[in-house]
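Participant: Quick one: the structure is below, and I'll ask about it shortly.
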Amino acid sequence: MQISDQFNSSHTKGTRLTRVRATLTHILKSDHGPFSVAELLQRLRVRGLRANKTTVYRQLEFFRREDLIKEVNLGEKQSRYEWSERDHHHHVVCLKCRKVEAVRLSENLQRQERFIEQEKKFIINHHELEFFGLCRKCQ
Ligand SMILES: [Zn+2]
Ligand SMILES: [Zn+2]
């Protein structure tokens, strides 16, 4: 391989990686999540970007190091990922079709956190609370 070819291929690869990262950022920021890696791959494909699992995992790792995303565990085999800048919220998860929706509680849980902190002499960093059941379609 000539030097110019090497340069070209790595240059093309670099550009594609940048596009994958930019597109993932866009998807995570604006689409309805939280997303599994498979869902992210599918959304990249819809936008005409071919990427493999390893690439997506690497990008997610980058986002996580930068504190841009958080991992959401909904009791599935795989984790889901969500942009962390979003307003504080919880999720409702359909046990049948696995549809996930964001919900905001009418009461925030700060009072409960203070109560637990006093009761347990424990300093709370954050909490996770998800609701599981059947969506309107699956009832
Ligand atoms: Zn459902
Ligand atoms: Zn909360």
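None of the figures in this text is laboratory data; all of them are computed from the coordinates on show. Just so it is clear, the structure is predicted and the values come from calculations on it, not from any experiment. Methodologically, a virtual Cβ is constructed for each residue, glycine included, from the backbone with ideal geometry; neighbour enumeration extends over all protein chains shown.
Participant: Tell me, in nm to one decimal, what length is gained between Leu49 and His26 on full extension, where the rule is 0.36 nm per residue of separation less the Cα-Cα distance?
Facilitator: Contour length minus Cα-Cα distance gives 7.0 nm.
Participant: Considering only Leu95, Leu40, Tyr81, whose Cα is most displaced toward the positive end of the charge dipole of the chain, charges sitting on Cβ of Lys, Arg (+1) and Asp, Glu (-1)?
Facilitator: So the residue furthest toward the plus end is Leu40.
Participant: So for Tyr57, Tyr81, fewest C-beta neighbours within 10 Å to most, what's the order?
Facilitator: Least crowded to most crowded, the residues run Tyr57, Tyr81.
Participant: Right, here's the next one. Would you mind checking region 23-51 for residues with the amide N under 17 Å from a putative spin-label position 7 Å along Cα→C-beta of Thr15?
Facilitator: 23, 48-51
Participant: Next up: For the Cα atoms of the chain, what angle does the longest principal axis make with the long axis of helix 3-30, in degrees from 0 to 90, nearest 10?
Facilitator: Between the helix axis and the principal axis of the chain, the angle is about 20 degrees.
Participant: Now a separate question. If you fit an axis through the alpha-carbon atoms of helix 37-46 and take the longest principal axis of the Cα set of the chain, what angle between them do you get, 0 to 90°, nearest 10?
Facilitator: 50 degrees
Participant: So how tilted is helix 53-65 from the main axis of the chain? Cα-based, degrees 0 to 90, rounded to 10.
Facilitator: 60 degrees
Participant: At Leu68 and Glu113, where each label point lies 7 Å from the Cα along Cα→Cβ, what is the point-to-point distance in nanometres?
Facilitator: Roughly 2.5 nm, to one decimal.
Participant: Using only C-alpha atoms and all pairs of different ones, pull out the Kirkwood radius for region 87-139 in Å with one decimal.
Facilitator: Mean inverse Cα-Cα distance, inverted, gives 12.8 Å.
Participant: Strictly greater than 20 Å: what percent of every Cα pair in the chain meets that?
Facilitator: 59 percent
Participant: Under a point spin-label approximation (7 Å from Cα along Cα-to-Cβ), what is the Gln139-Leu105 distance to one decimal in nm?
Facilitator: Distance between the two pseudo-spin positions: 2.3 nm.
Participant: I want the local charge near Arg64. Using Cβ-Cβ distances under 14 Å, sum +1 for each Lys or Arg and -1 for each Asp or Glu among the other residues.
Facilitator: -1
Participant: Turning to a different aspect of this structure: Which net charge results when you count Lys and Arg as +1 and Asp and Glu as -1 among the other residues whose beta-carbon is under 14 Å from that of Arg136?
Facilitator: +2
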